[in-house]
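Here's the structure, in structure tokens; my notes come after.
Any read-out appearing in this document is the output of simple, stated calculations on the displayed coordinates, not a laboratory observation. Here the structure is a predicted model, which means the values were calculated and not measured. Neighbour counts run over all protein chains shown; Cβ positions are idealised from the backbone, glycine included.
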Amino acid sequence: MKKIIIIISSIFIITATIISFVVIRNNYSPNDKVKTIIIDNKNMVVGINYPITNIYKLNRTIKKNVNKIYKNFKNSYRKNNLKNNRSELNIDYKIYNLDNKYISIKLDVFEFINNKEKKQIITYFFDIKNNKFLLFNDIVSNKEFNKNIKTKYNIKNKPNNLFTISNSYLTIYIEEKEKYKSIKIPLENINFLFDIELGTDIKTKYKKVNAEKNVIDINDKIIALTFDDGPSKYTDEILNLLDKYNANATFFVLGNKVELYKETINKSIINGNEIGNHSYNHKWLIKLKKEEFLDQINKTQDIMKKTFDYTPKVLRPTYGSINSLIRENTNLRITLWNVDTLDWKYKNPKTIASRVIGHVKDGSIVLMHDTHKQTVKALEMILNDLSNEYKFVTVSELDEVNLLRKQLGAE
Ligand code: ZN
């Protein structure tokens, strides 16, 4: 009976998780879900629970770590050939949401294998606004640690990354001979977080606005519009149109234009669009020597980094040509397209729009150029026609959604 209940509840949880699995860009709402894996066989029991938030980066890291633990467990189970000893893996978690600004998570890993118990604690502390993990050092200064924590709580060394923060306590976990000692420090006793100042933006220069509209459900039909060769004088109009229709796109810029269109690119980033690399000055990349190729790519990367503290992650090779030179010499994700508007060729916006409307499907990547007047008009027709049916996302978001769909489909 117990078994049946576990199976039924886990099916329910998994179904609920799949239904509610969404990607939210730079926004967090505190409706956490749980991922549950239950395996019950003769030699091995596995119960894994871990949180699924709506923060992609956090989910990905937790999932990766959990999978690694699970894999190692199965390997050591096999290696030891423990027929008469049922082995166990259990992973549980605690999650603290701090004012929708930070998330603190603790994973408790318990393994029983070869008649031996093993415990492990893993913690994550995530800064939602800046979309990054923080370490203890980012949260408590050395001075504060030495003055208010070290002697009082008898802690020898400053912990690196084993801690949680709830609404009342900072808890530090110290590993000693395969055991963990936890030290609870009331928040009011320390100048906790004074390094990061809750509610203020520290390092991120470009805060995405209107984040709420950018909710992507993996069940949404999505299209990635891409604009090559810009920016240009038309780009601002294109940005306004995208904004009007709650759409985002990817702009594959040329490095040599970045200085000239600083304001435009800045606005583009703030609005949640993605900037990709389209070389420095549109050389036919496959014809270049390695050094020249690297120069084309790196110069654009460098100027984006220097000007906006932004590192492009995707590359659109000029003329859509790819060879081993490109494949082997860049870490950027090479992104082509599957719907070509030929907007450089056709002057009639209707003709351009009709090459998209009726030809796109879920997951399409559309090639356009923000360097033509007719493209602006065509874009308006496209957005007006397709916005109800499709969500317009960046190419990296499209990749993320595809990956999530694949992962969920494979489970
Ligand atoms: Zn081009």
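Going by neighbour counts of Cβ atoms within 10 Å, the residues Ser141, Ser354 line up, fewest first, as Ser141, Ser354.
Counting beta carbons within 10 Å around each of Glu178, Glu111, Glu292, Glu188 and listing the fewest first gives the order Glu188, Glu178, Glu292, Glu111. Which of Lys119/Lys150; Lys257/Lys289; Lys57/Lys233; Lys345/Lys391; Lys57/Lys283; Lys57/Lys289 have a Cα-Cα distance over 29 Å? Over 29 Å Cα-Cα: Lys57/Lys233; Lys57/Lys283; Lys57/Lys289. Measuring against 20 Å, Cα to Cα, the residue pairs Lys64/Lys177; Lys221/Lys313; Lys262/Lys305; Lys68/Lys118; Lys147/Lys179 contain Lys64/Lys177; Lys221/Lys313; Lys147/Lys179 as the ones spanning a longer distance.
Taking amide H positions as modeled 1.01 Å from N, with prolines and chain starts lacking one, the residues under 5 Å from Lys35 and 5 or more places away or on another chain are Tyr50, Ile52. Within a straight-line Cα-Cα reach of under 13 Å, Lys152 can be paired with the following aspartates and glutamates, leaving aside sequence neighbours fewer than 8 residues apart in one chain: Glu144. Rounded is the label for region 133-191, because the ratio a/c of its alpha-carbon gyration tensor axes (a ≥ b ≥ c) stays below 1.5. Going down the list Lys35/Lys79; Lys35/Lys94; Lys94/Lys181; Lys129/Lys267; Lys35/Lys106; Lys74/Lys106, which pairs span over 20 Å between their C-alpha atoms? Cα-Cα > 20 Å for Lys35/Lys79; Lys74/Lys106; rest within.
Structural descriptor for region 53-141: relative contact order 21 percent, calculated from alpha carbon pairs under 8 angstrom and at least 6 residues apart.
The mean sequence distance of close C-alpha pairs (under 8 Å, at least 6 residues apart), as a share of the length of region 248-294, puts its relative contact order at 47 percent. A simple rule links phi to the HN-Hα coupling: the Karplus curve 6.51 cos²θ - 1.76 cosθ + 1.60 with θ = phi - 60°, which for region 301-314 gives 4, 5, 6, 5, 5, 5, 7, 10, 6, 10, 10, x, 10, 10 Hz, with x for Gly and Pro.
Inter-part distance, region 339-411 to region 235-252, computed on C-alpha centroids, equals 12 Å.
For region 323-331, putting each phi into the Karplus relation 6.51 cos²θ - 1.76 cosθ + 1.60 with θ = phi - 60° gives couplings of 9, 5, 3, 6, 4, 8, 10, 9, 9 Hz, in residue order, rounded to whole numbers and with x for Gly and Pro. As a proxy for reagent exposure, Tyr70, Tyr261, Tyr153 were ordered by neighbouring Cβ count within 10 angstrom, fewest first; the result is Tyr153, Tyr70, Tyr261.
Using the alpha carbons alone, the radius of gyration of region 356-411 stands to its Kirkwood radius in an Rg to Rh ratio of 1.06.
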